[in-house]
Amino acid sequence: MNREQNIMRSFPILEARDLQVKRGGVPFLDVPSFQIGSGEILSLIGPNGAGKTTLLLTLSHLTKRVSGEILFHGKKVGSDFSIFEYRRHLAMVFQEPLLFDTTVFNNVASGLKIRNMEKGEIRRTVLDHLDRFGITQLIDRSARTLSGGEAQRTSLARAFAIKPEILLLDEPFAALDPPTRESLVEDLDRALRESGTTALFATHDRMEALRLSDHIAVMNQGRIIQIGPPEEVMNRPVDEFVAGFVGVETILSGKVIRKEEGGFIVSVSGKEIETVGEVPTGETVALCIRPENVTLSASSSKETTSARNVFQGRIAKILFLEFYGKVYLDCGFPLVAYITRHSLENLGLEEGKEVKASFKATAIHVVRRKAK
Amino acid sequence: MDLILEGIKKAFWLLVTFDPEVMGITWLSLKVSGSATLISLLIGISVGIAVALSRFPGKRIVVSLINTGMGLPPVVVGLFVSISLWRNGPLGFLGLLFTPSAMILAQAVIATPIVMGITLAAIQQLPPKLRLQILALGATRYQMVWILIREAKLPLLAAVMAGFGGVISEVGASIMVGGNIRGYSRVLTTATVMETSRGNFDVAIALGIILLLLAYFINLILTHIQQRERPR
């Protein structure tokens with residue numbers, strides 16, 4: 001499987017087996033196996049309550065688990081070396097900055113003081129990290145007086161100052177406004193790459209995940225549903241849940257009715273959609289079509305297209321987003337397309353109008369329904 | 001009006017002449033209530049933190065008991081400490097009844113739940129994830145507790161003030177277990193009660209003013225410490 005190959009590429013710094021957490025008898029987390037390679041940045045995405053935080057806390061030995069073991073550099077935590085020693089190789093940043101009621105300097109120094117580092121060295125390290133996160137001018141400010149973004153920068157600097165081997169981030173930017181978030185993501189990205197720190201980054205924002213990660217793990221109901229490189233998870237989701245979560249807007253259920261050269265035909269609400277690959281005739285499948293892969297043209301247009309699937313549809317709704325419009329079509333089956341604001345005007349699209357929608361057979365990701 | 005003026009005059013006189021009896025009474029008050037507060041801090045803060053940080057069945061009941069204890073009537077405490085220290089009581093063999101030690105014991109019993117209750121609330125009002133953050137920074141359990149105490153230092157100083165304020169002004173238990181013996185177990189409050197009942201209002205007022213000033217200065221010092229630490 002792809003997953004194994006991808007992760008085994010680098011030496012796993014952290015491995016976990018059979019992790020289970022229960023709260024009041026209800027399973028909260030169930031991860032049979034997990035690994036992260038040295039220097040890898042892995043994002044955990046999933047809706048609220050998917051178990052992202054629980055997984056991070058379990059991996060850092062900060063919450064009780066029912067079963068399982070954690071290996072750090074191949075050594076078992078809790079027996080080969082102590083939990084406390086293990087934690088000294090980690091750092092964690094939460095959604096709330098959780099700063100101490102003292103100056104920014106003392107906050108960034110706190111992890112180093114805990115380690116009884118020598119004073120001069122503390123000062124050097126703290127100054128380095130204040131600079132890295134662009135908060136040198138805040139050095140003597142009370143943590144209470146910081147803005148959300150400044151506080152989270154301080155929190156990141158505090159975590160990086162202890163030079164952790166693994167950094168665990170639990171939705172660190174979720175409470176920030178978009179411009180602040182944007183610049184923090186950039187700084188975090190740079191800091192991670194420069195220091196080569198392994199990172200586990202929980203977020204419910206798939207754009208953040210795409211931006212930062214080497215791998216993405218999609219979680220739901222306490223389980224890791226899919227894990228792989230970003231493009232694989234985005235374009236080849238293993239099931240409809242992952243598809244929905246990674247931004248596939250159109251998921252169509254249909255039946256394979258016949259083979260074609262290099263592909264097969266799926267009947268969806270009486271329409272025939274051509275796709276590539278091999279699935280036995282008669283099987284039920286879900287077709288995942290990303291909105292950016294659907295092209296719209298005027299319904300009168302005689303333009304020929306290389307796309308195999310061309311359908312006439314009526315515009316049911318248009319959502320105007322920042323840089324583009326999101327067009328909901330009724331082609332006998334629902335279809336969602338992204339279109340630039342410019343083209344939207346050029347084509348004179350509006351609700352109720354007829355339009356031609358096309359998408360390539362190769363742009364469709366087929367999820368085979370598991371036999372029940 | 002004359003009574004009050006006379007009282008203030010007399011108090012001033014007693015103060016500037018360092019009247020040995022008044023000084024002795026004041027010093028004993030400070031010693032007894034100071035020791036009692038120290039004991040209550042040791043027990044109250046450690047148990048308060050332990051209860052705040054642990055999870056166990058019946059925690060709610062324990063917390064409500066501590067909170068009830070914050071309002072223990074000193075007279076009831078005096079009664080039970082007296083019974084315990086009575087010649088035939090369980091702690092009678094210690095021979096502590098009618099000694100300053102007995103007063104320290106009784107006052108510590110009064111102050112401990114106050115300190116414990118405020119400590120408990122102070123630690124619980126910290127963000128729950130703060131503990132995880134401190135541990136994730138590599139702290140030992142001991143370091144974590146120490147950092148939490150520093151984070152809660154403002155309410156904890158309030159606990160010190162409330163504890164001390166509660167016992168320095170307390171009279172019922174002190175008189176019951178201390179006996180108000182002149183030059184031995186007589187403190188500001190018990191002396192004030194006695195002088196008032198004898199009709200010596202001037203002395204009573206003098207003692208009252210000293211008591212007020214004492215409470216004021218102790219709290220002034222603690223407030224100063226509390227507010228000093230606040231960075232810009």
What number comes out for the charge environment of A:F28, summing +1 per Lys or Arg and -1 per Asp or Glu over other residues with Cβ under 11 Å away? +4
Binned Cα-Cα distances of region B:1-89, short to long, each 10 Å bin given as a whole percent: 13, 24, 26, 21, 12, 4, 0
Can you tell me what the convex hull of the Cα atoms of chain A projects to on average, as an area in nm²? 22.7 nm²
Under a no-solvent Debye model with one identical scatterer per Cα of region A:250-372, what's log10 I(q)/I(0) at q = 0.16, 0.17, 0.22 Å⁻¹? -0.75, -0.83, -1.23
What do you get for Rg/Rh over region B:73-151 if you use C-alpha atoms and the Kirkwood form of Rh? 1.26
Given N residues in region A:184-272, what is Rg(Cα) / (2.2 N^0.38 Å)? 1.45
Overall form of region A:150-196 per C-alpha gyration tensor (a/c, 1.5; a/b vs b/c): prolate
Partner chain Cβ atoms within 10 Å, averaged over the residues of A:88-100 - can you pull that number for me? 4
Across all Cα atoms of region A:1-110, Rg and the largest Cα-Cα distance (Dmax), in Å, are 15.7, 50
Region A:53-129 pair-distance distribution - Cα-Cα, 10 Å bins, rounded %: 15, 39, 31, 15, 1
Per the charge dipole of the protein assembly as shown (beta-carbon charges, Lys/Arg positive, Asp/Glu negative, Cα centre), the residue among A:Q95, B:L38, B:F93 reaching farthest to the positive end is B:F93
Gyration tensor on Cα atoms of chain B, a ≥ b ≥ c root eigenvalues, a/c under 1.5 rounded, else prolate if a/b beats b/c, else oblate, says oblate
Mind sorting A:L90, B:L5, B:L79, A:L130 by how few other Cβ atoms lie within 10 Å of their own Cβ, fewest first? B:L5, B:L79, A:L130, A:L90
Under the rule of at least 5 residues apart or a separate chain, name every residue whose amide H is placed under 5 Å from the amide H of A:S43. A:F201, A:D214, A:H215, A:I216, A:A217
Alpha carbon centroid spacing (whole Å) that separates region B:31-62 from region B:90-122: 12 Å
Quick one: of A:K52/A:K163; A:K22/B:K59; A:K113/B:K31; A:K255/A:K353; A:K75/B:K129; A:K76/B:K59, which pairs are farther than 26 Å apart, Cα to Cα? A:K113/B:K31; A:K255/A:K353; A:K75/B:K129; A:K76/B:K59
Dividing the mean separation of Cα pairs under 8 Å (6+ apart) by the residue count of chain A yields a relative contact order in percent of 15 percent
Spatial separation of Cα centroids for region B:129-186 and region A:179-253, in angstrom: 48 Å
What does the charge add up to near A:A361, with Lys and Arg as +1, Asp and Glu as -1, over the other residues with Cβ less than 10 Å from its Cβ? 0
Mind checking Rg over Rh on region A:102-190, alpha carbons, Kirkwood formula for Rh? 0.95
FRET efficiency for B:Q124 and A:I83, Cβ-Cβ distance as r, R0 = 25 Å, nearest 0.05? 0.50
Computed for the protein assembly as shown: size of charge dipole around the Cα centre, +1 on C-beta of each Lys and Arg, -1 on C-beta of each Asp and Glu, debye to nearest 20, value 1240 debye
Suppose every K and R has +1 on its Cβ and every D and E has -1 on its Cβ; what is the size of the dipole of region A:224-344 about the Cα centre, in Debye to the nearest 20? 440 debye
Total charge dipole magnitude, chain B, about the Cα centre, Cβ charges on Lys, Arg, Asp, Glu only, Debye to nearest 20: 1060 debye
Other residues with Cβ under 15 Å from the Cβ of A:L169 give, with Lys and Arg +1 and Asp and Glu -1, a net charge of -3
Below 18 Å, Cα to Cα, which lysines can A:K360 reach? Residues fewer than 8 away in the same chain don't count. A:K259, A:K271, A:K302
Taking every DSSP beta bridge with both residues inside the protein assembly as shown, roughly what % is antiparallel (nearest 5)? 80 percent
Pull out a ≥ b ≥ c, the square roots of the eigenvalues of the alpha-carbon gyration tensor of region A:31-168, then state rounded if a/c is under 1.5, prolate if not and a/b is larger than b/c, and oblate in the remaining case. prolate
Enter the Cα centre distance for the pair region A:297-368 and region A:39-110, rounded to the nearest angstrom. 45 Å
Calculated [θ] (222 nm, deg cm²/dmol) that DSSP helices of n ≥ 4 give over chain B, each run adding -39,500 (n - 2.57): -25500 deg cm²/dmol
Arranged by the count of other C-beta atoms within 10 angstrom, fewest first, what order do A:Y328, B:Y142, B:Y184 take? B:Y142, B:Y184, A:Y328
I want to verify a result. In a Gaussian network model of chain A, Cα cutoff 10 Å, which of these has the top mean-square fluctuation: A:T284, A:T197, A:T340? A:T340
Per the charge dipole of region B:1-151 (beta-carbon charges, Lys/Arg positive, Asp/Glu negative, Cα centre), the residue among B:I118, B:L79, B:L5 reaching farthest to the positive end is B:I118
Helix B:20-53 axis, angle to chain B major axis (alpha carbon atoms, nearest 10°): 20 degrees
How far is it, in nm, from the label point at A:H204 to the one at B:W86 when both lie 7 Å from their Cα along the line to the Cβ? 6.4 nm
Taking every pair of alpha-carbon atoms in region A:163-322, give the share separated by more than 20 Å as a whole percent. 64 percent
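Read-outs throughout are calculated quantities, based only on the coordinates presented, and are distinct from any laboratory measurement. This is a predicted model, so every value here is computed, not measured. All Cβ positions, glycine included, derive from the backbone under ideal geometry; neighbour counts span all protein chains shown.
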